[in-house]
Amino acid sequence: MDLLNTLVDKGLRRELPTRDEALAVLATSDDDLLDVVAAAGKVRRHWFGRRVKLNYLVNLKSGLCPEDCSYCSQRLGSTAGILKYTWLKPDQASDAAAAGVAGGAKRVCLVASGRGPTDRDVDRVSETIKTIKDNNEGVEVCACLGLLSDGQAERLREAGADAYNHNLNTSEATYGEITTTHTYEDRVDTVQKAHAAGLSACSGLIAGMGETDEDLVDVVFSLRELDPDSVPVNFLIPFEGTPLGKEWNLTPQRCLRILAMTRFVCPDVEVRIAGGREVHLRTMQPLALHLANSIFLGDYLTSEGQAGKADLEMIADAGFEVEGTDQVTLPEHRAAEGCHDGGGVCGSEGGGACGSNAAPEASEPRTAADARTDLVAVRRRGAGTDLAPNA
């Protein structure tokens with residue numbers, strides 16, 4: 001396909017595709033899917049070889065969030081039967097992190113529900129970061145605490161944080177349909193604060209919330225312009241008890257096309273398969289490793305993931321290798337551009353006008369018969385419990 005040859009050439013040059021080209025990736029047929037994966041895989045291997053970075057989540061404070069994000073099991077008004085607990089103590093968080101590191105994780109992601117941290121919360125998380133770093137040599141720590149106020153990113157950086165995560169989630173045009181208690185601009189501001197403080201910015205999206213192809217292309221182009229070092233691609237986990245609990249809009253093939261489009265638009269940054277890969281990619285997870293160079297190990301914030309041992313076996317069986325703590329994740333030229341910790345930006349060119357030709361078959365919702373509610377399991381182990389974590 002001329003389209004795929006063009007996209008590979010652009011990816012190897014770090015050149016931004018057009019929006020029509022990005023939309024065309026999402027519009028490809030299932031018959032062409034392996035060609036799409038192979039093409040995006042060339043770009044992934046050029047910049048990252050066959051390395052897979054492992055990340056491990058520690059939910060520092062679960063549930064009882066005042067924000068109304070429709071996709072979230074911890075949201076205001078959620079009746080999902082998730083774990084609810086207040087702040088873990090630093091040693092508890094460190095013990096949870098150690099399990100992930102022992103399983104091969106290079107980065108530990110510390111997450112807390114809420115609109116954003118108070119200064120006291122930042123003090124608490126700073127102590128936790130120091131404890132984890134003291135007990136786990138070489139580990140990276142990413143914080144995800146919500147919207148940041150002035151000076152808070154700098155304090156986290158001083159405490160030893162390497163990165164800060166705050167996802168854009170969906171397009172600016174449709175953000176108000178997903179969340180009303182804060183704005184898209186608030187999220188952009190927090191990512192910019194992380195950048196300015198010298199933290200490696202991490203920001204991504206959630207697919208499967210009923211968005212159109214244009215929405216997906218819009219948010220990925222916005223991410224490239226925003227320049228995060230890593231782009232996590234989440235696939236909605238439809239929790240019963242949340243407004244999006246009935247949304248089952250994804251197939252494994254569509255998930256792969258979304259990952260491929262993200263790789264073509266952001267060729268030389270860390271593309272991470274995040275929440276929902278087990279629910280929506282299912283047996284096609286190994287193919288996704290040809291597109292993304294990073295995954296989460298084990299469980300997620302409030303849901304259970306694939307067994308950590310199975311993650312490692314999948315990586316090895318697919319012919320990939322776990323990235324070590326002595327390896328720099330992103331390409332060398334990113335370090336030369338002055339990015340934090342050898343990290344990089346999601347390209348340097350701006351976007352053009354938004355394309356307008358979505359693929360009808362890709363945008364149509366799936367039927368209720370396609371729902372795999374059996375694959376959505378609430379986390380009952382690890383952080384906040386007395387049971388061993390999955391790592």
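The values are calculated or read from the model by the stated rules, or taken from the named source; none is laboratory data. This structure is a prediction, so every number in the text was calculated from the model and none was measured. As a convention, Cβ positions derive from the backbone with ideal geometry for all residues, glycine included, and neighbour counts pool all protein chains shown. Side chains are part of the model used for accessible areas, which takes the heavy atoms of the whole protein and leaves out ligands, DNA and RNA. Shrake-Rupley method; radii C 1.70, N 1.55, O 1.52, S 1.80 Å.
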(message) Could you tell me the calculated FRET efficiency between Leu64 and Thr283, based on Cβ-Cβ distance and R0 = 56 angstrom, to the nearest 0.05?
(response) 0.95
(message) Suppose we keep just the alpha-carbon trace of the chain; what are its Rg and Dmax in angstrom?
(response) 19.2, 56
(request) Take every DSSP beta bridge with both residues inside the chain and express the antiparallel ones as a percent of the total, to the nearest 5. (result) 5 percent
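What does the charge add up to near Leu83, with Lys and Arg as +1, Asp and Glu as -1, over the other residues with Cβ less than 13 Å from its Cβ?
+2
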(request) Take the solvent-accessible surface of the protein heavy atoms, probe 1.4 Å, and return the percent of it on the range 168-232 that carbon and sulfur atoms account for. (result) 45 percent
(message) Just to compare against my own numbers: the Cα pair-distance distribution for the range 135-196, 5 Å bins, whole % per bin, please.
(response) 3, 17, 27, 19, 14, 11, 5, 3, 1
(request) Convert each backbone phi in the range 187-196 into a coupling constant with the Karplus relation 6.51 cos²θ - 1.76 cosθ + 1.60 (shift: θ = phi - 60°), then list the ³J(HN,Hα) values in order as whole Hz, x for Gly and Pro. (result) 5, 4, 4, 5, 4, 5, 5, 4, 3, 4
(message) Above 22 Å lies some portion of the pair distances; for the range 223-340, what is it as a whole percent of all C-alpha pairs?
(response) 38 percent
(request) Scan the chain and report its longest stretch carrying no trypsin sites (Lys or Arg not before Pro) that are both in a DSSP loop and have at most 16 other Cβ atoms within 10 Å. (result) 116-245
(request) Could you please state how large a percent of the accessible area of the range 6-62 is carbon and sulfur, counting protein chains only and using a 1.4 Å probe? (result) 46 percent
(message) Using Cα-Cα distances under 8 Å and only pairs 6 or more residues apart, what relative contact order does the chain have, in percent?
(response) 24 percent
(message) Tell me which of Ser70, Gly298, Thr170 sits at the most positive position along the dipole axis of the chain, charges placed on C-beta atoms (Lys, Arg +1; Asp, Glu -1).
(response) Gly298
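Using only the Cα atoms of the range 108-226, what semi-axes does the equivalent ellipsoid have when each is the square root of 5 times a gyration tensor eigenvalue? Give whole Å, largest first.
So the three semi-axes of the range 108-226 are 28, 14, 12 Å.
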(message) Kirkwood Rh and Cα-based Rg: tell me the resulting Rg over Rh for the range 230-274, rounded to two decimals.
(response) 1.06
(request) Identify, among Gly210, His280, Leu223, the residue whose Cα sits farthest towards the positive end of the charge dipole of the range 168-318, taking +1 on the Cβ of Lys and Arg and -1 on the Cβ of Asp and Glu, with the dipole about the Cα centre. (result) His280
(request) Return the whole-Å distance between the Cα centroid of the range 176-248 and the Cα centroid of the range 254-285. (result) 14 Å
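Beyond 28 Å between alpha-carbons counts as too far, so tell me which of Lys10/Lys309; Lys89/Lys246; Lys193/Lys246; Lys42/Lys193; Lys133/Lys193; Lys53/Lys130 fall in that bin. Please report the intermediate quantities before stating the final value.
On the way: Lys10/Lys309 36 Å; Lys89/Lys246 36 Å; Lys193/Lys246 35 Å; Lys42/Lys193 34 Å; Lys133/Lys193 23 Å; Lys53/Lys130 22 Å.
Over 28 Å apart, Cα to Cα: Lys10/Lys309; Lys89/Lys246; Lys193/Lys246; Lys42/Lys193.
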(message) From the C-alpha coordinates alone, can you work out the Kirkwood hydrodynamic radius of the range 1-158, in Å?
(response) 18.8 Å
(request) Any chance you could run the full-extension gain for Asp30 through Asp150? It's 0.36 nm times the residue separation minus the Cα-Cα distance, nm to one decimal. (result) 38.5 nm
(request) Work from the charge dipole of the chain (Cβ charges, +1 for Lys and Arg, -1 for Asp and Glu, about the Cα centre) and give the residue of Leu57, Leu148, Leu289 farthest towards its positive end. (result) Leu57
(request) Multiply the residue gap between Glu177 and Ala196 by 0.36 nm, knock off their C-alpha separation, and tell me the result in nm, one decimal place. (result) 3.9 nm
(request) Sum up the charges of everything whose Cβ sits under 12 Å from the Cβ of Ala318, counting Lys and Arg as +1 and Asp and Glu as -1, but leave Ala318 out. (result) -3
(request) Could you work out how far apart the two model spin labels at Ala307 and Arg13 are, taking each label as a point 7 Å from the Cα in the direction of the beta carbon, and quote it in nm? (result) 4.8 nm
(request) Under 18 Å Cα to Cα from Lys84, which aspartates and glutamates show up? Leave out anything in the same chain fewer than 8 places away. (result) Glu67, Asp68, Asp121, Glu240, Asp299, Glu304, Asp386
(message) If the elastic network links every pair of Cα atoms under 10 Å, which of Gly151, Gly204, Gly104 fluctuates the most in the Gaussian network model of the chain?
(response) Gly151
